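Please read the structure below before turning to the comments.
The values are calculated or read from the model by the stated rules, or taken from the named source; none is laboratory data. Bear in mind the structure is a predicted one, so any value in this text is a computation, not a measurement. All Cβ positions, glycine included, derive from the backbone under ideal geometry; neighbour counts span all protein chains shown. Areas reflect the complete protein model, heavy atoms only, side chains present, ligands, DNA and RNA absent. Shrake-Rupley method; radii C 1.70, N 1.55, O 1.52, S 1.80 Å.
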Amino acid sequence: MIWNEKMECATRDEMKAIQSERLVETVKRIYHNVAYYRDKMQQAGLTPFDIEGVEDLHKLPFTTKSDLRDNYPFGLFTVPMSEIVRLHASSGTTGKPTVVGYTRKDINMWSEVVTRSLCMAGVHKNDIVQIAYGYGLFTGGLGIHYGTENLGASVIPISGGNTQKQIQLMQDFNSSVLCCTPSYALYISDVLNEAGIDPETLNLRVGIFGAEPWSEAMRKEIERKLKLRAIDIYGLSEIVGPGVSCECEYQQGMHVHEDHFIPEIIDPVTLEPVADGEVGELVFSTITKEGIPLLRYRTRDLTRLIYDKCSCGRTLVRMEKCKGRSDDMLIIRGVNVFPSQIETVLLEMSETEPHYLLIVDRENTLDTLSLMVEVQEQFFSDEVRKLQDLRKQITHKLESTLGLTVDVKLVEPKTIERTAGKAKRVIDKRNI
């Protein structure tokens, strides 16, 4: 089902007209209400009259996470606090939290795009949706929650953690849709396996997973273990939360709700737009938000855009599954390394478990890369030679892929810490 056919199936010309009208109004509102943006535009020699449509988007200055932190907590809001009905914020583990405020209209818009996303994923009003994203300042839980209610489906607002309870409710309430991080979905499958519960006995048919990078190999692993279709959903709190884009049943890229969020792809070094179809950093401009609209926000996520009409009938531009982040990219001895490359290698091997940890360190002046990866329990009860052969096999595959020496350490299942939220995949000890 397509929830909003007028917007999701608009022609390119129709969408461009919608975006242009909304962008012009947004720029005017920001310029006249946010001193920080007004100063940046004046420094670039711009006034709102210079922005006549989406073709002028490239003239506008970028917004970064630092801009939100520099204006902590409410400096980029365009409306008085009396119009803000909800606040969300990041954890602030790497600095001041980034704070976003939503007006009532913003909440309605967010519900609309999440509802569209759920329909893309094949969710309908008769479904029972178990939301195992965290509720609170994190946008995951409440974002999916309101969209699910708007669709008319039943919500189980269990939040993250308490895995035994999650499984009990899946059994007792016949949950048909699971929403959580992909790493937590895998953990749930482990607990099911330990409890001797066959996933086929559950009613799960769709999983909507996001909030952390995950590979195609990990998707196959989740689908095999939980016996459901795993759908990728994308969002970030600075833009709106989950529901910025989502896959449809054809799983050929995530449809961006571009009547609300205009995407661009830029070279993260030169900051210039890349050619159509090339991979680069994803940038968003919000064109309907009232509380804290952002112009050309640099997400740091690396992907490419696909403008071909999808087999589902939607014309909304699609973004490929993110290939990594420009700020998560590790540079080790001059080589660019993305954790997703390593994850793909590991999940293509049947002997390894989808739980790993990268440790980057520096000995004297030389960077080192170590990998801890869990392997199936049987290897620790078989001959030592088999364990050594497996280690050599993994090492060879990783070094062929990365072009780097990797110190591989095989560990028993459950050695690496599990979490109900985003999985920690990298520890960088270099202090650079």
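Brief remarks on what is shown
- Residues satisfying the stated conditions in the range 253-270, i.e. in a loop (DSSP other than H, G, I, E, B) and either of a type in the set (Lys, Arg) or modelled with pLDDT of 95 or more (or both): 253, 257, 258, 259, 260
- Residue 159, sole failed condition from (1) under 25 Å from the mean Cα position of the chain (by Cα); (2) surrounded by 15 or more Cβ atoms within 10 Å (Cβ to Cβ); (3) farther than 18 Å from residue 114 by Cβ: (3)
- Total residues in the range 60-85, condition open to solvent by less than 20 Å² (accessible area, probe 1.4 Å) and either touching a residue at least 40 places away in the same chain (Cβ under 8 Å) or of a type in the set (Lys, Arg) (or both): 6
- When the range 189-241 is filtered for residues that are under 30 Å from residue 300 (Cα atoms), without any contact (Cβ under 8 Å) to a residue 40 or more places away in the chain and either open to solvent by 20 Å² or more (accessible area, probe 1.4 Å) or assigned to a helix (DSSP H, G or I) (or both), the ones remaining, listed by number, are 219, 223.
- Single condition residue 393 does not satisfy, out of (1) surrounded by 15 or more Cβ atoms within 10 Å (Cβ to Cβ); (2) modelled with pLDDT of 85 or more: (1)
- For the range 104-121, the condition holds for no residue, the condition being that it is in a strand (DSSP E or B) and either open to solvent by less than 10 Å² (accessible area, probe 1.4 Å) or over 15 Å from residue 208 (Cα atoms) (or both).
Here is a yes/no grid of residues against (1) open to solvent by less than 40 Å² (accessible area, probe 1.4 Å); (2) acidic (Asp, Glu); (3) outside any helix (DSSP H, G or I); (4) without any contact (Cβ under 8 Å) to a residue 12 or more places away in the chain:
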position	(1), (2), (3), (4)
346	yes, no, no, no
368	yes, no, yes, no
378	no, no, no, yes
413	no, no, yes, no
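- The range 272-286, residues that are open to solvent by 60 Å² or more (accessible area, probe 1.4 Å) and part of a loop (DSSP other than H, G, I, E, B): 272, 276, 278, 279
- Residues within the range 158-188 that are of a type in the set (S, T, N, Q) and part of a loop (DSSP other than H, G, I, E, B), tallied: 6
- Scanning the range 40-54 turns up at least one residue that is in contact (Cβ under 8 Å) with a residue 24 or more places away in the chain, open to solvent by 50 Å² or more (accessible area, probe 1.4 Å) and within 16 Å of residue 295 (Cβ to Cβ).
- Count - residues of the range 127-177 that are touching a residue at least 60 places away in the same chain (Cβ under 8 Å) and of a type in the set (D, E, K, R): 1
- Options 392, 397: the member that is over 20 Å from residue 339 (Cβ atoms) and basic (Lys, Arg): 392
- The set of residues in the range 287-328 that are over 30 Å from residue 84 (Cβ atoms), open to solvent by 10 Å² or more (accessible area, probe 1.4 Å) and charged (D, E, K, R) comprises 304, 308, 309, 318, 320, 321, 323, 328.
- Members of the range 137-154 that are surrounded by fewer than 20 Cβ atoms within 10 Å (Cβ to Cβ), in contact with a His (Cβ under 9 Å, 6 or more places away or on another chain) and either at pLDDT 95 or above or under 18 Å from residue 204 (Cα atoms) (or both): 152, 153
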